Structures are given as structure tokens and as C-alpha cells.
Amino acid sequence: MNICKVLTVVGADREEVVQAIENSDFKDCLQDRCAVSVAADYIVTRNEKDFEIAETKAITPEKFCELMEKSK
């Protein structure tokens, strides 16, 4: 798939799951923990406000596409 050329698919280990469980928003926290584990540049989401305190910057799909176009 072409999308796998620009995105990395990762899983979470036990420590990351435990950290996410201790957070009020398990799903968003787990996404951030996974992003941190691979030193991701961004979390691509339509809901940036859910990631205001995340370690990884959240951007919209539209912004991500703009960045990909600029990097060509």
C-alpha cells in the first residue's frame, strides 16, 4: 500500500498500555505513547484538541497532506 510508504504502523508494549490506563483518555493517550515510542513527528487527527497535552504534535489530515506536498 502506498500509505505505508509515509506512515509507520506500531504496537504498544505493556508499559505504554499501563501509562495510558492511568490517563483519563485511554485511546488518545495510547496513541501518543505509541507515537513517542517511534519518535513520530505528528499524530494525524481531526480532533487536535484531544492532543493538547500530548508529547507528539497533533495535526489535521489536511495539514499533513500540505506538508507532504511541500516535501516533494
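Laboratory data are not the source of any read-out in this text; all were calculated from the coordinates shown. Every value quoted in this text rests on a predicted model; they were computed, and no experiment measured them. Please note: Cβ atoms are built from the backbone with ideal geometry, for glycine as well, and neighbour counts cover all protein chains shown.
Observations on the structure shown:
- Contact order normalised by residue count of the chain, Cα under 8 Å, 6+ apart, percent: 21 percent
- Remark: the chain carries a charge dipole of roughly 380 debye about the Cα centre, counting +1 on each Lys and Arg Cβ and -1 on each Asp and Glu Cβ.
- Rg over Rh for the chain works out to 0.99, using Cα positions for both radii and the Kirkwood form for Rh.
- Difference of contour (0.36 nm per residue) and Cα-Cα distance, Ser71 to Asp13: 17.7 nm
- Qualifying aspartates and glutamates (Cα of each under 18 Å from Cα of Lys49; at least 8 residues distant if same chain): Asp25, Asp28, Asp32, Asp41, Glu62
- Counted residue by residue at 0.36 nm each, then reduced by the alpha carbon distance between them, the extension gain from Ile3 to Lys49 reaches 14.1 nm.
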